[in-house]
Amino acid sequence: MRRIFMGAALILVPNAALADDEVHYGAPAQWVAPPPQSDLSPPKGGAFFVEYNDQQAHLDQDGLQIFSTYRVKLLRPEALQVGNINLVWQPDMMDVTVHRVRIIREGEEIDVLADQKFNIFQREGRLEQSMLDGLLTANLQVSGLRVGDTIEFAQTLKTRDLTFGNRDFGMMLWPAQLGPGLFRMRLEWEDKAKPRWHLSPDLAEIIKRSDHSIEALLTNPGDFNAPDRAPVRYKVGRMIQFSDFSDWQSVSREAERLYETSGQLDAVPELREEARRIRRENATEAARAKAALKLVQNQIRYVYSGMDGGNFTPATVAETWDRRFGDCKGKTVMLLALLREMGIEAEAVLVPTGGGDGYDAFLPSPDLFDHVLVRSRIDGKRGWLDGTRTGDPRLMRDHDVGYRFVLPLSTMGNDLLEMPFEPRQQPSELTYIDIDASAGTEQPADVTSVRVLRGDGAIQVGLALQSLPEDQALQRLKTSGDNDWLKVDDVSWTFDGEAAALRLTYEGTAELDWDEDKDGDFDYLTYYLPGGGFYKPAKLERPADQDQDAPFANDPNRFSCSVTRMVLPELTEGRWTLTARAINENYAGVDYYRSANLDHGVVRLLRSSRTVQREIPAAASSAINAKLEAFDNDKVMVNSENREGDSTEIVDPAMPDLREVDWMYDTAACTPGAES
């Protein structure tokens, strides 16, 4: 059951069967506490003032009830939108009761509900994203609302979770940006429904406890001041999490029963025969797993279903095969059934699309995860398979999936699993530019520009190109490649879904921007090579009013490589020199590498940056900042000089012939010490 409170708007996604498609009206329950009171005055400026916004959650043997109320003073015309009140709920899982909608004007209370009631609409607001949630919306446009009025609203949502055995779990969360006013979160329970709770650190000092409740009161809170450049876990604030799961093994065990596949293929003989055919026609487990993954990806289109308890409970294999659509849960069950039918070890794993940083400090709860995929043991190696993707039949490795914490499901129960950090083995983006300026400085240079994408970016662009007619795809690429520097004459592309790699090749001409300085009879020429310099990394520092002990986070997926080859014009006198200091250093957990050669008038240049450390402790910031003073962010340039000799400066004898490298697959040159 996902329960997230965000200001006056409540998002509630449970799994139950209370079936109610009406808005009820009545008094609040006896457990509801009076709203907080204060003598706060409206601030100068601002469109409205929150006299109070109160969120109360009540746990008992029947499940969860959430009481929400607010009282807002309207100070400017922009605030009149507060009179547009929406209720959102799932009718098969919860019911909603409105207690009051009142206007207070010059001391007089006006009962809006005496003359108006909520109008109910069926809402599927995310159909464009292939999501069916079954939500209903009830709307009330408050009549007669004026600037200077105070509006008051109160409601209760009641829900019950049956998917996980009437357990209670979820979180109360205020947004990071709050205006002036009074804001309260209150969690209370009856004797036999006491949960465990976990607070974000900012609430630890203000929380009030009693035998049957906890509450946090925020007065004029303003914006939550999360530390700059800190890991995601430091950006979580104003939160109360609650759960009655005792450990992660319990969550793993109870979620595992939802993904039981025994006997499911009995109801779908056609699919069982597909599994047997795949096994006959493919000799290795890897080939069989890829064939099964392609079947699930290509024959079952993705449609999320949150109706009828479906936000946690997967559809059966028979239902998904019959409909030929399914979400991550239904696709995972089908993929598990196929793999197990072929004797391949496989398990479902709950994962958070946000990465899961800090989950080891949270209470065990299934609502921390919003995706599920398959982890398998294939030919002795661990691999990940995601049936919701399209055109991505990879058996992904740990470094491909990008999660920090995941929860494998099993009948015995598993602990929360922290995924080890592994630096990317290949660049997510690589550019190779080959410039032939042999015709001279006054003539356009022939240029070949190659851009290689890997991973999700390659899949997304590659599939988009495949969906277009060939001439249209080429025209779009040509248009995107033309710029102030390069005039594109020809374009081509190659997409390899198995490798999740896309190569875009642009061929054309460019007017090179040569700097010329004449000294007597000699022309001193200078050209700055594209892709040669680094931007200087920012210092590890943050404002004084933020947490100075928080570590600094790096982008774990960072790995870019730039490769440049240039044939220089032949000089009638003098020679060419190359200005490019070799770099192979680490700053703040990122490896910076640059190497360049000048060989008989041909420049070869490699430059890359790659994250090798996920976080940097704050205690290391002073030493790193001091080291940054010497960071070389100079551009790479070639110069003609009035000296005799060969235009050759070999710094890296091991550098390959850049023309002979297939940059779509072989990127070893981007990483010093790596093997091709």
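Checking each residue of the range 279-302 against the condition of being modelled with pLDDT under 95 and under 30 Å from M94 (Cα atoms) gives at least one match. Do we have any residue at all in the range 86-100 that's surrounded by fewer than 18 Cβ atoms within 10 Å (Cβ to Cβ), at pLDDT 95 or above, basic (K, R) and farther than 23 Å from M239 by Cα? So far as the range 86-100 goes, yes, one or more of its residues are surrounded by fewer than 18 Cβ atoms within 10 Å (Cβ to Cβ), at pLDDT 95 or above, basic (K, R) and farther than 23 Å from M239 by Cα.
Residues that are in contact with a Lys or Arg (Cβ under 8 Å, 6 or more places away or on another chain) and part of a loop (DSSP other than H, G, I, E, B) were ranked within the range 347-379; the one that is surrounded by the most Cβ atoms within 10 Å (Cβ to Cβ) is G356.
Within the range 389-396, not a single residue is in the same structural domain as Q264 (by TED's automatic domain parsing), under 25 Å from T163 (Cα atoms) and in contact with a strand residue (DSSP E or B) (Cβ under 7 Å, 6 or more places away or on another chain).
Taking (1) outside any strand (DSSP E or B); (2) modelled with pLDDT of 95 or more; (3) more than 31 Å from the chain's Cα centre (by Cα) in turn, A154 satisfies each apart from (1).
Does any residue of the range 84-98 turn out to be assigned by TED's automatic domain parsing to the domain that holds V112 and farther than 30 Å from Y304 by Cβ?
Checking the range 84-98: not a single residue is assigned by TED's automatic domain parsing to the domain that holds V112 and farther than 30 Å from Y304 by Cβ.
Among the residues of the range 635-667, those identified as over 30 Å from E498 (Cα atoms) and among the basic types (K, R) are K635, R643. Restricting attention to the range 245-267, the residues that are touching a Lys or Arg at 6+ places or on another chain (Cβ under 8 Å), surrounded by 18 or more Cβ atoms within 10 Å (Cβ to Cβ) and farther than 19 Å from L350 by Cα total 1. Name every residue in the range 637-652 that is part of a loop (DSSP other than H, G, I, E, B) and either touching a Ser or Thr at 6+ places or on another chain (Cβ under 7 Å) or free of Cβ contacts under 8 Å to residues at least 40 places away in the same chain (or both), in order of residue number. Of everything in the range 637-652, those that are part of a loop (DSSP other than H, G, I, E, B) and either touching a Ser or Thr at 6+ places or on another chain (Cβ under 7 Å) or free of Cβ contacts under 8 Å to residues at least 40 places away in the same chain (or both) turn out to be V651, D652. If you go through the range 263-288 and keep only what is assigned to a helix (DSSP H, G or I), of a type in the set (G, A, S) and under 12 Å from E341 (Cβ atoms), you end up with just A275.
Summed over the range 443-483, the residues that are under 29 Å from M396 (Cα atoms), charged (D, E, K, R) and either in a helix (DSSP H, G or I) or over 31 Å from the mean Cα position of the chain (by Cα) (or both) give a count of 1. Among the strands (runs of 3 or more DSSP E) confined to the range 508-619, the ones with at least 2 residues that are out of contact with any Asp or Glu (no Cβ under 8 Å at 6 or more places or on another chain) are located at 515-519, 559-567, 583-587, 590-599, 602-611. In the set E188, E215, only one residue is in a strand (DSSP E or B) and out of contact with any Ser or Thr (no Cβ under 8 Å at 6 or more places or on another chain); that residue is E215. Would you check if there is a residue in the range 425-436 being in contact (Cβ under 8 Å) with a residue 12 or more places away in the chain, within 28 Å of K329 (Cα to Cα) and of a type outside the set (S, T, Y)? Checked against the condition, which is being in contact (Cβ under 8 Å) with a residue 12 or more places away in the chain, within 28 Å of K329 (Cα to Cα) and of a type outside the set (S, T, Y), the range 425-436 yields no hits at all. Across the range 218-260, the qualifying residues are those that are in a loop (DSSP other than H, G, I, E, B) and closer than 24 Å to L40 by Cβ, and the one among them that is modelled with the lowest pLDDT is G222.
Considering each residue of the range 344-364, count those that are in contact (Cβ under 8 Å) with a residue 60 or more places away in the chain and not β-branched (V, I, T), and give that number. Number of matching residues: 11. In the set (1) at pLDDT below 95; (2) surrounded by fewer than 12 Cβ atoms within 10 Å (Cβ to Cβ), E273 fails one condition alone, (1). Residues of the range 198-240 that are among the β-branched types (V, I, T) and under 20 Å from L368 (Cα atoms): V232, V236, I240.
Of everything listed in (1) touching a His at 6+ places or on another chain (Cβ under 6 Å); (2) more than 30 Å from D266 (Cβ to Cβ), the single unmet condition for G355 is (1).
Can you tell me which residues in the range 319-353 are of a type in the set (K, R) and either within 25 Å of the chain's Cα centre (by Cα) or under 15 Å from A275 (Cβ atoms) (or both)?
Looking only at the range 319-353, we keep the residues that are of a type in the set (K, R), and these are 323-324, 329, 331, 340.
Hits for the range 319-353 are K329, K331, R340.
The values are calculated or read from the model by the stated rules, or taken from the named source; none is laboratory data. Just so it is clear, the structure is predicted and the values come from calculations on it, not from any experiment. Methodologically, a virtual Cβ is constructed for each residue, glycine included, from the backbone with ideal geometry; neighbour enumeration extends over all protein chains shown.
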